[in-house]
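The values are calculated or read from the model by the stated rules, or taken from the named source; none is laboratory data. Note that the structure is predicted; figures quoted are calculated from it, not measured. Cβ placement follows ideal geometry from the backbone for every residue including glycine, while neighbour counts extend to all protein chains displayed.
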Amino acid sequence: MNHFRKRSGELFCEEVPLARIAREVGTPTYVYSSATLRRHARVFQRAVRGLDFLACYAVKAAPNLALLALLREEGFGFDIVSGGELYRVLRAGAEPSKVVFSGVGKRRDELAAALKAGILQFNCESEEELEQLAGVARGMRRTAPVAIRVNPEVDVRTHPYIATALSTSKFGIPANRARAAYRLAAQLPDLRVVGVACHIGSQISEVKPFVEAAKKVRTLALRLRRDGHDIRHVDVGGGLGVPYGEGPEPPAPHVYGRALAEALRGVEAKVLFEPGRLLVANAAVLLTRVLLQKRGAGTRKFAVVDAAMNDLLRPALYDAHHEVEAVAPRRGPAEVVDLVGPVCESTDVLARARKLPKLREGDLVVLRTAGAYGMSMSSQYNARPRAAEVLVEGDRFRVVRQRETYADLVRGETT
């Protein structure tokens, strides 16, 4: 469910017409609904309430400070993968004791900053990282709380770019090396083993892979306790999919929560979740304006808009699908067009072969379900300033990230 709805044919975000935002802020602009984000946050927490849990929002999905502050208000911790994300969550008022530092490669200065902040745990992904972290902790005369990310080798049948649990993945350590890795961690006096972690991928449309992974992690956690390790946390990651308008419908969060509670029965540990896309994807649209219509070969037609792959990379990177919708009502027959941007790449196609009302210069359209990995993956490619971000709250909105200027493009450069 989301709070983007048509009224008399015109698209609104909550109580604000999107045409007003385009008029006052310009395009392209990411528009977030606070009501949708809060609803998704509460639905997820209700779904997993059968467990002793901490939900840590995956910051990489959408890292705007206003969104982080909203989720902090809703009781969320944070899953970070860089020193920059640590800086962001602390700026947003996060409690360090609710921050988990994941990622396959962490710089020593990033490890030091997280240690200084006093985060909940480091999810280490290799034996080498354990030794690096121990060295940093030794130099700071601190003890680092660690979990080891174990690769459960579960095939989740998602896009290969976002599958993380296969034996060929760069993430985690193989399950057959897990106990030895924990022995190594226990032997390093500057580390304190606190948990076990896994993450099997993203945009997963079935519960079965989550259950399979959770059962494997539960078995491992119990075995590690018998080996003498004090396993207090079990981190099962994130990855539950959202509907983008095509493909299988993902399970409802309460179905996921009930299945995980059963799979983890008796684990006697705080269960950490890392939802990201699930919370923010449907909470935002990318608002863009038509620049012109262009005829191609034969009957092919293009609608060129002022958003591009530098604003929304997912279609070019994953061949991802986003529903397209006109903001204002249009009369007349629909036509099939490719929605494309101005970037000089053949992959700059935001939506292929979509049936839309005949679009003209100046018309507004949105790409739906754009909140996750939209703005966070945007760039300045082709010297295009990055989009603005707007947060709507009822009948009001505020700009939570100013549109970049040409001066921003060269800030820090010299001739």
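Restricting the range 221-249 to residues that are in contact with a strand residue (DSSP E or B) (Cβ under 7 Å, 6 or more places away or on another chain) and in a helix (DSSP H, G or I), the residue that is nearest to Ser102 (Cα to Cα) is Ala221. Only one of the numbered conditions (1) crowded, with 17+ Cβ neighbours inside 10 Å; (2) at pLDDT 95 or above is violated by Arg142, and that is (1). When you look at Leu54, is it in contact with a Leu (Cβ under 6 Å, 6 or more places away or on another chain), surrounded by fewer than 24 Cβ atoms within 10 Å (Cβ to Cβ), within 19 Å of Gly237 (Cβ to Cβ) and not hydroxyl-bearing (Ser, Thr, Tyr), yes or no? The answer is yes for Leu54.
Looking only at the range 205-220, which residues are under 22 Å from the mean Cα position of the chain (by Cα), crowded, with 17+ Cβ neighbours inside 10 Å and either hydrophobic (A, V, I, L, M, F, W, C) or not in a loop (DSSP other than H, G, I, E, B) (or both)? Selection gives Val207, Pro209, Phe210, Val211, Ala213, Ala214. Contact map, the range 169-186: first residue of a type outside the set (A, V, I, L, M, F, W, C), second residue in a helix (DSSP H, G or I), Cβ cut-off under 6 Å, separation 6 or more or different chains; pairs are Tyr182/Leu224.
Taking the condition surrounded by fewer than 24 Cβ atoms within 10 Å (Cβ to Cβ), farther than 20 Å from Arg183 by Cα and of a type in the set (A, V, I, L, M, F, W, C), does Ala113 pass? So that I can check it myself, show each step before the final result.
On the way: surrounded by fewer than 24 Cβ atoms within 10 Å (Cβ to Cβ): yes; farther than 20 Å from Arg183 by Cα: yes; of a type in the set (A, V, I, L, M, F, W, C): yes.
Yes; evaluated as a whole, the condition is true for this residue.
Screening Ala252 with (1) under 23 Å from Lys216 (Cα atoms); (2) more than 25 Å from the chain's Cα centre (by Cα); (3) not β-branched (Val, Ile, Thr) gives one miss only, at (2). Every listed requirement among (1) over 30 Å from Gly135 (Cβ atoms); (2) in contact with a strand residue (DSSP E or B) (Cβ under 7 Å, 6 or more places away or on another chain); (3) not small (Gly, Ala, Ser) is met by Val194 save one, (1).
Checking each residue in the range 249-278 for being at positive phi and hydroxyl-bearing (Ser, Thr, Tyr) picks out no residue at all.
Entry remark, the range 182-215: residues being under 14 Å from Val271 (Cα atoms) and of a type in the set (Lys, Arg) number 1 in total.
Is it the case that Ala308 is touching a helix residue (DSSP H, G or I) at 6+ places or on another chain (Cβ under 8 Å) and assigned by TED's automatic domain parsing to the domain that holds Ala388?
yes
Would you kindly identify the strands (runs of 3 or more DSSP E) lying entirely within the range 1-76 that contain at least 3 residues that are in contact with a Phe, Trp or Tyr (Cβ under 6 Å, 6 or more places away or on another chain) and modelled with pLDDT of 95 or more? Step through it out loud before you land on a result.
On the way: elements: 4-7, 10-13, 29-33, 53-58.
Qualifying strands (runs of 3 or more DSSP E): 53-58.
Against the conditions (1) buried (at least 19 other Cβ atoms within 10 Å of the Cβ); (2) out of contact with any helix residue (DSSP H, G or I) (no Cβ under 7 Å at 6 or more places or on another chain), Val81 satisfies every one except (2).
Scanning the range 358-377 for residues that are surrounded by fewer than 22 Cβ atoms within 10 Å (Cβ to Cβ), assigned to a helix (DSSP H, G or I), polar (S, T, N, Q) and more than 18 Å from the chain's Cα centre (by Cα) turns up nothing.
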